[in-house]
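The structure appears right after this line, and notes come after that.
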2 protein chains.
Amino acid sequence: MSSSISIFLAGLCVLLLSPTLCSGSRILVVPVDGSHWINMEIILHELHSRGHSITVLRFAKSWYISGNSSIYTSIDIPALEDESDRNAFTTMIQDVMDCRKSFAFTRTLCQQDLLTSMMADAHKMLARTAATMLEDPDFMRKIQDAKFDLMLTDPALNIGIILGSYLKLPMVFNVRWINTGDAHFSIAPSPLSYVPFSASELHDQMGFWERTKNMLHYLHSVAEKHFLISPIYSDLLQKHFPPGTDLFSLQHAADIWLLRTDFVFEFPRPTMPNVVYIGGFQCKAPRPLSAELEAFMQSSEEHGVVVMSLGTFVSALTPEVTEAIAAAFAELPQKVIWKFSGEKPSSLGNNTLLVKWLPQNDLLAHPRTRAFVAHGGTNGMYEAIFHGVPVLGLPLLFDQFDNLLRLKVRGAARVVEATTLTKEDFLEALRDVLENPSYRQNIQRLSELHRDQPLSPMDTAIFWIEYVIRNKGAAHLQSAGFGLPWYSYFCLDVAVFIMATAGAFVWALVFFCRVVCCRMFRRKMKAE
Amino acid sequence: MSSSISIFLAGLCVLLLSPTLCSGSRILVVPVDGSHWINMEIILHELHSRGHSITVLRFAKSWYISGNSSIYTSIDIPALEDESDRNAFTTMIQDVMDCRKSFAFTRTLCQQDLLTSMMADAHKMLARTAATMLEDPDFMRKIQDAKFDLMLTDPALNIGIILGSYLKLPMVFNVRWINTGDAHFSIAPSPLSYVPFSASELHDQMGFWERTKNMLHYLHSVAEKHFLISPIYSDLLQKHFPPGTDLFSLQHAADIWLLRTDFVFEFPRPTMPNVVYIGGFQCKAPRPLSAELEAFMQSSEEHGVVVMSLGTFVSALTPEVTEAIAAAFAELPQKVIWKFSGEKPSSLGNNTLLVKWLPQNDLLAHPRTRAFVAHGGTNGMYEAIFHGVPVLGLPLLFDQFDNLLRLKVRGAARVVEATTLTKEDFLEALRDVLENPSYRQNIQRLSELHRDQPLSPMDTAIFWIEYVIRNKGAAHLQSAGFGLPWYSYFCLDVAVFIMATAGAFVWALVFFCRVVCCRMFRRKMKAE
């Protein structure tokens, strides 16, 4: 029996038979736009089909989040300004490309700096928006009157965390990273010796210089958190929350963190009891392709097809790089389907089909697909793992460098630099991925491991969302460590006390010995 | 639908539909005697029913592990001596009782000292036994020829770890604690500020003095590991394993740790991806009682029944304490069933039935059962949670003090001191547990949470055992941190380097400023 069917049936059993069915709950959702919304919406479809009533908060000028939906009611966030600036990404990509020309050791620190300045602007907007929202009596009355049972939010932006905490709702985070870095680093002990800091482009086997770099990334983020981000929210939190509340204590109040990763992909690292891994929850069995696409796939014959997509960042490459890629594709015996926007490259070959949108999951599942050229977004990486398709990575921003590194160290991907890409480099790397069977074998091993789970990631997500609703939270899974000041958390006060006591003891012993020795010496002298 | 049935059906689905059924595997089991064997055997029954072929290594003079079984083949360990000394426990309990008369702060450290000296003797025996085993060519040929697929062992004793590593078998540990303390402390980061060291009798909310005590327990164990235990095994490991192998690196080679606890019971704390929680896997729906016992239960009418069992430590109490308990029971309106061995107490009331053995799970599930008087062994604690019966604890040894503390801080148990117990104290505590409804409410809340799992703990255990067999290990879940020397693990080398660099930079800056200032001053002076 195929593993997909078996996991589906097992999940069905578990969900149908959950101790107390809690359908009909009222769930308030504060999502993040873009690719984050795409995967949040998949979970909302599932929750809707289980009878829950869903309300989504969105910005009026959202890119992806529709105001009209058959599965949820939407409420516009009372924002003072249009909070979603799509052009910021394009500028950011250009800046990252400049960073990548610098020396390897400082390259990732340069990127972290860039991200910091971008996030600082975002945090200021978010703090203003949260204040506007909490101080809008009509909006707040509407939200309070709805008597929600749960806040489901993506903490890459803070509005959901702030609103959920204000309303004292049980909270579930659907998360890959949070606005202060890697979600893992905020909740689980992360020894810097084998847990690479997010965006450091390090893996879990580190020598001295890698560990130094990792430590610098960490120190950078600590400084950023305390000197840059915390002050932005202090007025808001002082006004609307009990004294002593900061953004990080609100993050720690989550009942369950649904982490969009798993340990087939992520390096093994410490985790916490309220972290649930749902990496690949969006993957599913393919639907048939359109007749046109199917004909194109079949026309590739034994050579197969290369699928290329940069997701949301579809038009992020420079014209030179786009030309280089098109020219390289033209030299392949394979056919190519390329999700493309903008002016058609002059070097485009007859074997390459440009499309505005492509059914990525269905294409990756197709038996003719031989390789996936991707930017390294989490969604695409999990689809590649799920369907066992080797990857050629062109990372651009955020966690994409780290994501691709994880496949690379497992021998399932090659990665090239989008900044300096030439036709020759791209062609060499792509031919390697297509012709060296180890890439396919390695990603198919990952695929087997990823599918070998007692419950599908989606069923796991739904189980734990409903668990929090059923049990009105999951306080028993929250660590007691979060309430401590940092010197107590690391037991520095205790260490100083024990060392001082031991020192005093040794000193007293030495003093005593000296006194005794002196007396004995004096007596001896006297006797002589 | 009742939650037991639903979890059973869900588990059935998952296990029947596992990606590749891997029945018919050959599993080598090295268990630990006593109550540890009782719960290992439950897992073996399940594995046997799924078609696996099981071989159990046992000492010839085992207390509990039979040489004849319908579910496994047994092989005697070629031991030089009888390794299982039951009397050691009785002496140990007496010593622990002496410890408990000391000042509260040092009491648990005194117990840890006792355990250390007991464990040192055990380690010497184990090292001798392991050497005898590895150097017995007939025994080793027999084991090697059997071509096992998996080593399933309880690492409370080391023989399984050593043999499994020597044979390079994938390994699954079925574990509550290991011979060097808490299993958690060997595999997961354990911040001493909120993770109580095992046997410290601390919980996760600690003030300064509690954290100091916790740190002392930890330092004690570190010293014990490196100066006492490691040297015992060094000859053996040097002879039979690659250079640099120590006992702790062998422990870290486990593919999966099945931990006999969960976070309804355990305080929330960091964990690792290859740790799977199976607390309560032995709990099951009750079978009907014998006619005689059922009649006794019913005769209690509305007052109900108190069940008392000290498990393996059935005869560990002093005659005075036994008399005090019997006299206290005699004053209750409830009936009492007491698992008892030895001379009948003179103060025994008519309401108390002494039995040599009792069907604990079935009795705890009985609607007439009102309270459970127990020593705090893990098995009993999970049965109390599963069936929602409040506990009066009489801890004697090992993890029993810690186990009962976990129920106590959740308001589901009272704990009394077995050393100094009087009739009045026992009666007051037992009446409190029987008459104050909060104990029952609290343990029933724990019961609900414990049962609210996507898979039953037993199905989880079986899934992960078969996962390791199917995938020939689970190396991708093992942390890279274990291979590092301690100063690299804690990044002390990096911290020193960064501080030295920063110091040198500050010094150079100060030096530069001084030189510049001096020159400017001199010029000024000259000019003047």
| message | What's the ranking of B:113-125, B:246-258 by average number of surrounding C-beta atoms within 10 Å, highest first? | response | B:246-258, B:113-125
| task | Starting from the Cα of residue A:45, step 7 Å toward the Cβ, then list every residue of the stretch A:448-471 with an amide N under 18 Å from that point. | result | A:456-463
| field | Cβ crowding within 10 Å averaged over residues, with A:199-205, B:397-403, A:510-516 ranked highest first | value | B:397-403, A:199-205, A:510-516
| query | So which helices of chain B fit the span-like rule, where a helix is a whole DSSP H run, its Cα atoms reach 27 Å or more along the axis, and its mean Kyte-Doolittle is at least 0.5? | reply | B:492-527
| query | What is the distance, in nm, between label points placed 7 Å from the Cα along the Cα-to-Cβ direction at residue A:509 and at residue B:315? | reply | 4.6 nm
| Value of [θ]222 nm, deg cm²/dmol, for chain A, DSSP H segments ≥ 4, -39500 (n - 2.57) each, nearest 500 | -15000 deg cm²/dmol
| task | Return the average number of partner chain Cβ atoms within 10 angstrom of each residue Cβ along peptide B:257-264. | result | 1
| message | Just want to confirm a number: the relative contact order over chain B, from Cα pairs under 8 angstrom separated by 6+ residues, in percent. | response | 15 percent
| For A:460-466, mean number of other protein chain Cβ atoms within 10 Å | 1
| Going by how many other beta carbons lie within 10 Å of each one, how would you line up A:41, A:424, fewest first? | A:424, A:41
| said: Suppose the chain between residue B:498 and residue B:420 were pulled fully straight at 0.36 nm per residue; how much longer would it get relative to their current alpha carbon spacing? | reply: 22.5 nm
| query | Structure shown: which of B:101/B:124; B:335/B:423; A:472/B:408 lie over 27 Å apart, alpha-carbon to alpha-carbon? | reply | B:101/B:124
| request: Please work out how much length the chain gains when fully extended from residue A:230 to residue A:61, using 0.36 nm per residue of separation minus the C-alpha to C-alpha distance, in nm with one decimal. | output: 58.1 nm
| Excluding same-chain residues fewer than 8 positions from residue B:225, which aspartates and glutamates have a Cα within less than 12 Å of its Cα? | B:246
| message | Within 10 Å of each Cβ in B:471-478, how many Cβ atoms from other chains are there, averaged over the peptide? | response | 3
| For the stretch A:283-338, rounded, prolate or oblate, judged on the Cα gyration tensor with a ≥ b ≥ c (square roots of eigenvalues), a/c < 1.5 rounded, else prolate if a/b > b/c? | oblate
| remark: Against the 2.2 N^0.38 Å rule of thumb, the C-alpha Rg of chain A sits at a ratio of 1.14
| field | Cα principal axis extents for the stretch A:312-451, largest first, Å | value | 42, 31, 27
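Where a number appears in this text, it was derived from the coordinates with a stated rule and is not lab data. Note that the structure is a prediction, hence the values are computed from the model and not measured. Don't worry about glycine lacking a Cβ; one is built from the backbone with ideal geometry, like all the others, and counts go over all protein chains shown.
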